[in-house]
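The values are calculated or read from the model by the stated rules, or taken from the named source; none is laboratory data. Every value quoted in this text rests on a predicted model; they were computed, and no experiment measured them. So basically every Cβ, Gly included, is an ideal-geometry build from the backbone, and we count neighbours across all protein chains shown.
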Amino acid sequence: MAPKPPVLIWFRDDLRLSDHPALDAAATTGAPVICLYVFDEKSPAVRPLGGAARWWLAQSLRALQASLARIGGSLLLRSGPATGTITELVRETRTSTVFFNDIAQVPHRAVADEIARTLGALDVRCRSFPGDLVAPPSAIRSKDDHGLRVFTPFWRRLQALGDPQRPLPPPRSLAPGPHLAGDPLESWQLEPSHPDWAGGLRESWRPGEAPAQARLKAFLADGIAGYCDDRDRPDREGTSRLSPHLRIGEISPRQIWHAARFVAADQPGLAHDVDKFLSELGWREFCRHLLFDVPDLAERGLQPRFEDFPWRRDDKALQAWQRGQTGYPIVDAGMRELWHSGVMHNRVRMVAASFLVKHLLIDWREGERWFWDTLVDADAGNNPANWQWVAGCGADAAPYFRIFNPVLQGDKFDPHGTYVRRWVPELARLPDKLIHRPWMATPLELAAAGVDLGKTYPSPIVDHKGARERALAAYAKVRSA
């Protein structure tokens, strides 16, 4: 009997073995399986990864290689436009079928459609599966077939669909495919070397499917209680820290959903915290559904009137914000946490983003681009949608006149200055009452804390009251236009 021709599984933002519909289907064929990851930064409209996400990708691919090896498979790495790379490999191996999971984003769908057309002409079958979302965009539409632009009704509709399909187990084994030449991972230069700025990332994270599963288990066991309140406190370990794992697909939204629902069923007293946690997963869905309808979400505000907003060009202020040198401790702590660890606490993200957009009147797209480059969880939906929310020009946006006071935000959510002291150590010896307002300290108090304002720590680069009035005046012009 002639051997079965190999099948190809194309890994994308789904670097895991469990709850991987395409991999499950490929494994059940019994044919030799070629596992492929294509590093594609050349296909039209595909947004290249930022520096922090590139570092994470390298670690995640190594983890996937090890996982596949344990079940008899191997991961082939090739770079280039996905259509040409996959077509060349299919011809080289005489592959019969290509399996992959859908990504409901216009650039990724366009690439997948092109591959399907090209391979169809070669009598090679493509099989795609939902694997990136709890529910596809087609399941939640308005009467005129548009995605919803307000989160609350979206979340209600998503919940009304019921629980998603239960996650799939990982394949027990794979029939190994032919030995093929691929790219050494190091040749992609995903990790920094000169200088090596990734020390904080290595210190903060363990990428990979197994760490993602362990993190989910630990959070639901020890962190979910009190989540509703603790998630807003940067001075506490109150968030799941699953976002970068979810971003690269080391864990699926269905796995998170069902694990959380199990906890709520087993411990009804945690139901409120679980519901809040799942609503954050719902926000990811909401942003992804927005991106499905608005592929240029990172470049175009959803409210056209903001296109004429009088943004300021201030490179010096932008650089101060990027470096955590604004003179506002909660903002600076967040920006330094971001640079060191590749993430920033969600509450502080809102405060830091609001400061850039409203205190400094710098275009939200500048902030979006900086976060895209420095976040390990930089998501094509969440990142621009969240920036537009803060700027007031997006879907379900915060009113532009809601301007976070960074001092009061620090007082409320970091009342003892624990978070600021960690990330802005030059202020660590200030008392709690001054930690979020060092400019109000007396010379004696500053000297006792070892702070030389304007030298060891900057004075505020903008006055809150004056900046607020300037922002409201700018907003008034847009509203009256």
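Look at D275 and say whether it is out of contact with any Phe, Trp or Tyr (no Cβ under 9 Å at 6 or more places or on another chain), surrounded by fewer than 22 Cβ atoms within 10 Å (Cβ to Cβ) and under 24 Å from P164 (Cα atoms). The answer is yes for D275. Does any residue of region 31-48 turn out to be surrounded by 23 or more Cβ atoms within 10 Å (Cβ to Cβ), over 19 Å from S187 (Cα atoms) and aliphatic (A, V, I, L, M)? Scanning region 31-48, I find at least one residue that is surrounded by 23 or more Cβ atoms within 10 Å (Cβ to Cβ), over 19 Å from S187 (Cα atoms) and aliphatic (A, V, I, L, M), so the answer is yes.
Applying a threshold of 7 Å to beta carbon distances and a minimum spacing of six or more residues, or different chains, the list of pairs starting in region 57-79 at a residue that is over 19 Å from G342 (Cα atoms) and ending at one that is surrounded by 18 or more Cβ atoms within 10 Å (Cβ to Cβ) and of a type in the set (S, T, Y) reads L75/Y37; L77/Y37; R78/T85.
Within region 41-72, the set of residues being at pLDDT below 95 and among the charged types (D, E, K, R) comprises E41, K42, R47. Among the residues of region 197-210, those that are surrounded by fewer than 17 Cβ atoms within 10 Å (Cβ to Cβ) and part of a helix (DSSP H, G or I) comprise G199, G200, R202, E203, S204, A210.
Looking only at region 285-304, filter to residues that are of a type in the set (D, E, K, R) and free of Cβ contacts under 8 Å to residues at least 40 places away in the same chain; which one of those is nearest to A160 (Cα to Cα)? By that ranking, first place goes to D296. Counting only helices (runs of 4 or more DSSP H) that fall entirely inside region 221-321 and contain at least 1 residues that are small (G, A, S), the qualifying elements are 243-248, 253-266, 271-293.
Residues considered: D235, D308. Of these, the only one that is closer than 30 Å to W439 by Cβ and acidic (D, E) is D235. Screening the candidates G342, G327, G334, G282 for the property of being in contact (Cβ under 8 Å) with a residue 12 or more places away in the chain, touching a Leu at 6+ places or on another chain (Cβ under 7 Å) and closer than 21 Å to V424 by Cα yields one hit, G342.
So which residues in region 60-108 are surrounded by 21 or more Cβ atoms within 10 Å (Cβ to Cβ), in contact with a strand residue (DSSP E or B) (Cβ under 9 Å, 6 or more places away or on another chain) and among the hydroxyl-bearing types (S, T, Y)? Matches in region 60-108: T95 only.
When D377, D363, D396, D373 are checked against the criterion of being at pLDDT below 95, acidic (D, E) and farther than 19 Å from G417 by Cβ, a single residue qualifies: D396. Taken over region 322-344, the criterion of being assigned to a loop (DSSP other than H, G, I, E, B), touching an Asp or Glu at 6+ places or on another chain (Cβ under 7 Å) and of a type outside the set (G, A, S) is satisfied by Q325, T326, V343, M344. Total residues in region 462-478 satisfying the condition of being in contact (Cβ under 8 Å) with a residue 60 or more places away in the chain and assigned to a helix (DSSP H, G or I): the figure is 10.
Just one of the numbered conditions (1) outside the structural domain of R157 (by TED's automatic domain parsing); (2) in contact with a Leu (Cβ under 9 Å, 6 or more places away or on another chain); (3) at pLDDT 95 or above is not true of F309: (3). Restricting attention to region 131-146 and to residues that are within 21 Å of the chain's Cα centre (by Cα) and part of a loop (DSSP other than H, G, I, E, B), the residue that is modelled with the lowest pLDDT turns out to be G131. Here region 328-364 is the region considered, the condition is being aromatic (F, W, Y) and buried (at least 24 other Cβ atoms within 10 Å of the Cβ), and the residue that is nearest to G454 (Cα to Cα) is Y328. Tallying residues that are in contact with a Leu (Cβ under 9 Å, 6 or more places away or on another chain), in a helix (DSSP H, G or I) and not acidic (D, E) within region 359-381 yields 6. Go through region 457-481 and give me each residue that's in contact with a Leu (Cβ under 9 Å, 6 or more places away or on another chain) and among the β-branched types (V, I, T). If the condition is that a residue be in contact with a Leu (Cβ under 9 Å, 6 or more places away or on another chain) and among the β-branched types (V, I, T), then I461, V462 are the ones that fit.
Among the residues of this structure, L148 counts as one that is aliphatic (A, V, I, L, M), crowded, with 18+ Cβ neighbours inside 10 Å, more than 30 Å from P268 (Cα to Cα) and in the same structural domain as R261 (by TED's automatic domain parsing).
Taking the numbered list (1) more than 20 Å from A214 (Cα to Cα); (2) surrounded by fewer than 19 Cβ atoms within 10 Å (Cβ to Cβ); (3) of a type outside the set (G, A, S); (4) at pLDDT 95 or above in turn, H258 passes all entries but (1). Take region 352-375 and flag every residue that is closer than 19 Å to G327 by Cα and more than 18 Å from the chain's Cα centre (by Cα). Answer for region 352-375, where residues must be closer than 19 Å to G327 by Cα and more than 18 Å from the chain's Cα centre (by Cα): S354, F355, L356, V357, K358, H359, L360, L361, I362.
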